[in-house]
Every structure is written in structure tokens, then in C-alpha cells.
Amino acid sequence: MQRTLVRIPIGRIIGWLLLLALVAITVLPFYVMFKTAISGPGTLFQQARSLAPLEPTTLHFERVLGLLSPEATRAAGGTGALIDFPRALRNTVIFTVLVVFGQVFFSSMAAYAFARMRFIGKDLLFYGYLSALMIPNIVLFIPNFILIRDLGWLNTFQGMVAPFVLMTPFAVFFLRQFFLGIPISLEEAARLDGATPFGTFWRIILPISRTPLVTLGILTTITAWNEFFWPFIVARQSDVRVLTVALQSFQSSTPQGAPDWSGLMAATFLSVIPIFILLVVLGRQVIASLQFSGLK
């Protein structure tokens, strides 16, 4: 009998090892966050080098969710710092939904105009609009703040949403690339049936563009959910404070002076869960849509 030599794919093994190393590097900060969140008040710094918590507890999650009073928390050995997590979560959801709806709606209309409509200076206007990608966002903060202040929109949702609710250069470019790949015959058939340009866009283009629209919505959701600097400037009151600003306020308002790391990590971990679920469920769709738009 002849022995068959089995070749070990060294390159594939090295690739998998590198992939596992990257996954470990990515997941490790989240595990440290969770470990800190469930650590007992008196053992946090004692177990800094340990991978497993010595005295796991749900005390900090209960406190962040408002299930424990400051007195009960201090009696258990924790700090008395509080964060109105449910309200901050509600404000973040409102802010994110408004930004996502506005950007998807207005960006899709602008992208369709650049992809299909004919008017003088269309290409010049489009490339000039794309050049806005080279402008750092920090340059626009002061003019936007002055405008929002003069409108009397400080500490309001409209003040937070205004700079983000309209179309962005990336969103317009992304959707335009997809619209260019749609056969024009579909629109011509709709016009023969008496559809108006907006009716064609609303009834034909948008339904068959569900994948890029959902992808844009996911990317915009992640950006809006993590937005900190602008809400920190224009909306710092508790009734409109979003999660990122609430976490910063919680960190700087600990009664004992030192940051409440366990409570802060518990609130941060809870704030990450919605985005994590969104990426797990729809992450493959985002990658496929981005690859499609990049090849067109």
C-alpha cells in the first residue's frame, strides 16, 4: 500500500492563528469591561491581574438601572454615584432615530437626483459636494453652535439633531453608486404608466434599494449612537442628555472623588449591547452592500 502524504496548509494555519489573535485583541477590552462591571466593590483593584472576578456581583448593574438607592449601594460597599440610565437611553434612541431617518430620507433623494436627473452643473456640484469629506468636522462646530444658540435650540433635541439630520457626502455617494446600477428601463416603464418622478422614486427605486438603505441606516445608527462632542456642547441638561454625555457626567461626579470604575463599566457595557446586537444580526449585510458599492 502506498502511503498518501497529507500536506499541512501552513499558510492557512498561520492565517487562522492571526485571525484568532485579532479576535482576541478585539474581544479582550469588552471582557475587561464586563469583568470590571461585575467585580465586588472591595476587590476591584485586588484582582487587577486576574482574568476572573473574585466576588462577582450584579450590584453595579442594579444601581445603574435604578434598582438600588444610593444608601443601599454605600451599605454594600459601593459609591453613591447615580446615573439616570433609562432616561439617557431614551434620549439616545430619540436622537439616533431622528438622525437615521433624516439622513436616509434626504440622502436617498439627493443621491437619486445625482444619479438620474439631468441639470446644468450636476457633475461639478456632485464633486464639489464630495469635497466636503475633506473638511474636518471640528471646523464646523463653532459656526453650528452659534447658529443653534441664535435659534434658541440649546438643550433641545432639535439643537442636537440639526447638524446631522440632512444628507452627508458619504451617504449620497454610497446610495448614488447603487442607483446607477438600477436599470433605467424600470423607471421608463413607470413613467409610461403615468408615474411622476417622485412617484417613481418612492414606489420603484426605494423598494428595490432596501439593502443599501438598511446598510446606510446601520452605519448612521452606529455613528449617532456614539456621538459625544456635539451633544456634550449643546445638550447637557438631564432631560435631553444622551448616553455618552451621561457616562462622562457620571465619571466626573463620583462623591468620593475617584471615578466609580465598576459602575461606569456597567453603564458602558449596557450601552454597547444594542449596537452589538445590531452588528451581529445585520453585519453581513453591511459588508456585502459596501463591497457592491465599491465595485460599481
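The values are calculated or read from the model by the stated rules, or taken from the named source; none is laboratory data. Values in this document were obtained by computation on a predicted structure and should not be read as measured data. FYI the Cβ positions are ideal-geometry reconstructions off the backbone, even for glycines, and counts take in every protein chain you see.
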Conditions: (1) surrounded by 11 or more Cβ atoms within 10 Å (Cβ to Cβ); (2) within 30 Å of Val272 (Cα to Cα); (3) without any contact (Cβ under 8 Å) to a residue 60 or more places away in the chain. Phe164 meets all but one. Number of the miss?
(3)
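Being touching a residue at least 24 places away in the same chain (Cβ under 8 Å), of a type in the set (D, E, K, R), surrounded by 13 or more Cβ atoms within 10 Å (Cβ to Cβ) and under 19 Å from Val165 (Cα atoms) is the requirement here; does Glu187 meet it?
On the way: touching a residue at least 24 places away in the same chain (Cβ under 8 Å): yes; of a type in the set (D, E, K, R): yes; surrounded by 13 or more Cβ atoms within 10 Å (Cβ to Cβ): yes; under 19 Å from Val165 (Cα atoms): no.
So Glu187 fails the test.
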Mind checking whether some residue in the stretch 255-267 is at pLDDT 85 or above and assigned by TED's automatic domain parsing to the domain that holds Leu180?
no
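When you look at Ala195, is it of a type in the set (Gly, Ala, Ser) and at pLDDT below 85, yes or no?
Values: of a type in the set (Gly, Ala, Ser): yes; at pLDDT below 85: yes.
Yes: the conditions hold for Ala195.
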Number of positions in the stretch 201-246 that are under 30 Å from Asp150 (Cβ atoms), among the aliphatic types (A, V, I, L, M) and surrounded by fewer than 20 Cβ atoms within 10 Å (Cβ to Cβ):
1
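When you scan the stretch 48-59, do you find a residue that is modelled with pLDDT under 85 and either more than 23 Å from Ser262 (Cβ to Cβ) or assigned to a helix (DSSP H, G or I) (or both), even just one?
Taking the stretch 48-59 as the starting set, the residues that turn out to be modelled with pLDDT under 85 are 48-59.
In the following step, the residues that additionally are either more than 23 Å from Ser262 (Cβ to Cβ) or assigned to a helix (DSSP H, G or I) (or both) were identified as 59.
Yes, there is a match, as at least one residue in the stretch 48-59 is modelled with pLDDT under 85 and either more than 23 Å from Ser262 (Cβ to Cβ) or assigned to a helix (DSSP H, G or I) (or both).
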So, first residue under 10 Å from Thr57 (Cβ atoms) and part of a helix (DSSP H, G or I) in the stretch 24-45, second residue of a type in the set (Ser, Thr, Tyr) and at pLDDT 85 or above, Cβ within less than 9 Å, six or more apart or across chains; the pairs are Ala37/Thr268
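Step by step: first the residues of the stretch 139-161, then only those that are of a type in the set (Val, Ile, Thr) and surrounded by fewer than 17 Cβ atoms within 10 Å (Cβ to Cβ), then the one that is modelled with the lowest pLDDT. Which residue is that? Full working, then the answer.
Kept after step one, since they are of a type in the set (Val, Ile, Thr), are these residues of the stretch 139-161: 139, 142, 146, 148, 156, 161.
Retained after the next criterion (residues that are surrounded by fewer than 17 Cβ atoms within 10 Å (Cβ to Cβ)): 139, 142, 146.
Working: Val139: 83, Ile142: 88, Ile146: 92.
Top of the filtered list is Val139.
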